[in-house]
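Undergrad: Okay, here's the structure, questions in a sec.
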Amino acid sequence: YDSSRHADLVLEAIRKEKLVNEISFKNHELASNTLQLLQKNQTLNTLREKFDDLNESVKNPAVQKELNNILKVFRNDMRLDEDWDKFSLHFDQVHQDFIKKLKNKFPNLSTNDHKLCAYLKMNLSTKEIAPLLNISVRGVEISRYRLRKKLQLERSVNLNEFFNSDL
């Protein structure tokens, strides 16, 4: 009986480790996909700005019309809110409704706060978060400070640990 119990405990430990590894892998995959999406959107935005500039300098009405058609395509493709909604849905599937719980417990948080919380839960560094939020490293530090105030957390509380504990 004793060896049977020991085997059960070992199996349970292996299952838990496997789950932790799967979550870690999904976190990494989610962060990677988010970075790729952000880079795509930044590239599209840069191209849109260049087409806007070109459109203003062109005098030919036929060329302007064609440039306006191209600009419409860019505007229709740049749906950052939809991208966040998809991310948020997948994130909640991986992290037991983390964002839903966050919204319920702290209704005063903005969408950008939710994004920051999710990235902190994924254990991303300030340098990794900056391009995701399209702000500077200093901007992330300021956002972390403001988030801490909104959550009414003491300075001694580690934000990553706070988000990785059960909300």
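The values are calculated or read from the model by the stated rules, or taken from the named source; none is laboratory data. Since this is a predicted model, take the numbers as computed values, not measurements. Here Cβ is always computed from backbone atoms with ideal geometry, including for glycine, and neighbour counts include all displayed protein chains. Areas reflect the complete protein model, heavy atoms only, side chains present, ligands, DNA and RNA absent. Shrake-Rupley method; radii C 1.70, N 1.55, O 1.52, S 1.80 Å.
Undergrad: So between Arg75 and Gln36, what do we pick up on full extension, going 0.36 nm a residue minus the alpha carbon distance?
TA: Length difference between fully extended and current span is 12.2 nm.
Undergrad: Run the quick spin-label model on Asn123 and Asn60: label points 7 Å from Cα toward the beta carbon, then report their separation in nm to one decimal.
TA: Label at Asn123, label at Asn60, 5.7 nm between them.
Undergrad: Still on this structure, I have one more. Is region 90-161 rounded, prolate or oblate when judged by the Cα gyration tensor, a ≥ b ≥ c being the square roots of its eigenvalues, rounded requiring a/c under 1.5 and prolate requiring a/b larger than b/c?
TA: Oblate, since a/c reaches 1.5 and b/c is not below a/b.
Undergrad: Count the net charge of all other residues whose Cβ sits under 13 Å from the Cβ of Asn55, scoring Lys and Arg as +1 and Asp and Glu as -1.
TA: Charge balance in the 13 Å sphere: +1.
Undergrad: Can you compute the FRET efficiency between Glu141 and Asn164 using 1/(1 + (r/R0)^6), with r the Cβ-Cβ distance and R0 = 25 Å? Round to the nearest 0.05.
TA: 0.80
Undergrad: If the reach is capped at under 18 angstrom between alpha carbons, list the aspartates and glutamates near Lys149, excluding any in the same chain fewer than eight residues apart.
TA: By straight Cα distance, Lys149 reaches Asp113, Glu141, Glu161.
Undergrad: To the nearest 10 square angstrom, how much accessible area does Asp8 have with a 1.4 angstrom probe?
TA: 80
Undergrad: Report Val10's accessible area, 1.4 Å probe, all protein chains in place, as a number in Å² to the nearest 10.
TA: Answer for Val10: close to 60 Å² accessible.
Undergrad: So how tilted is helix 61-77 from the main axis of the chain? Cα-based, degrees 0 to 90, rounded to 10.
TA: Roughly 10 degrees between the two axes.
Undergrad: Another one. Quick check on my link table: of Lys115/Lys150; Lys40/Lys103; Lys72/Lys115; Lys16/Lys100; Lys50/Lys127, which ones sit more than 26 Å apart, alpha carbon to alpha carbon?
TA: Lys40/Lys103; Lys72/Lys115; Lys50/Lys127
Undergrad: Another question, if that's okay. With a sphere of radius 11 Å drawn around the Cβ of Glu12, what net charge do the other residues whose Cβ falls strictly inside it have (Lys, Arg +1; Asp, Glu -1)?
TA: Neighbour charge sum, excluding Glu12 itself: +2.
Undergrad: Right, here's the next one. Rounded to a whole number, what is D in µm²/s for the chain from Stokes-Einstein with the Kirkwood radius over alpha-carbon pairs (10 °C, 1.306 mPa s)?
TA: The calculation lands on 84 µm²/s.
Undergrad: Show me, for region 130-147, the HN-Hα J-couplings you get by feeding each phi into the Karplus relation (A = 6.51, B = -1.76, C = 1.60, θ = phi - 60°), rounded to Hz, glycine and proline as x.
TA: So the Karplus estimates, Gly and Pro as x, are 3, x, 5, 8, 6, 9, 6, 4, 4, x, 5, 4, 5, 4, 4, 4, 5, 4 Hz.
Undergrad: Same structure again: Say R0 is 30 Å: what FRET efficiency, to the nearest 0.05, do Glu22 and Asp83 get from their beta-carbon distance?
TA: Given R0 = 30 Å and the Cβ-Cβ separation, E is 0.80.
Undergrad: So what are the ³J(HN,Hα) numbers for region 16-23, from phi and the Karplus equation (6.51, -1.76, 1.60; θ = phi - 60°), rounded to whole Hz, Gly and Pro as x?
TA: Per residue, the Karplus-derived 3J(HN,Hα) values read 4, 4, 4, 5, 4, 5, 5, 5 Hz.
Undergrad: What nm distance separates the two modelled labels at Asp53 and Gln93, each placed 7 Å from Cα along Cα→Cβ?
TA: 4.0
Undergrad: Label Lys150 and Glu12 with points 7 Å out from Cα along Cα→Cβ: what is the distance between them in nm?
TA: The two pseudo-label positions are separated by 3.9 nm.
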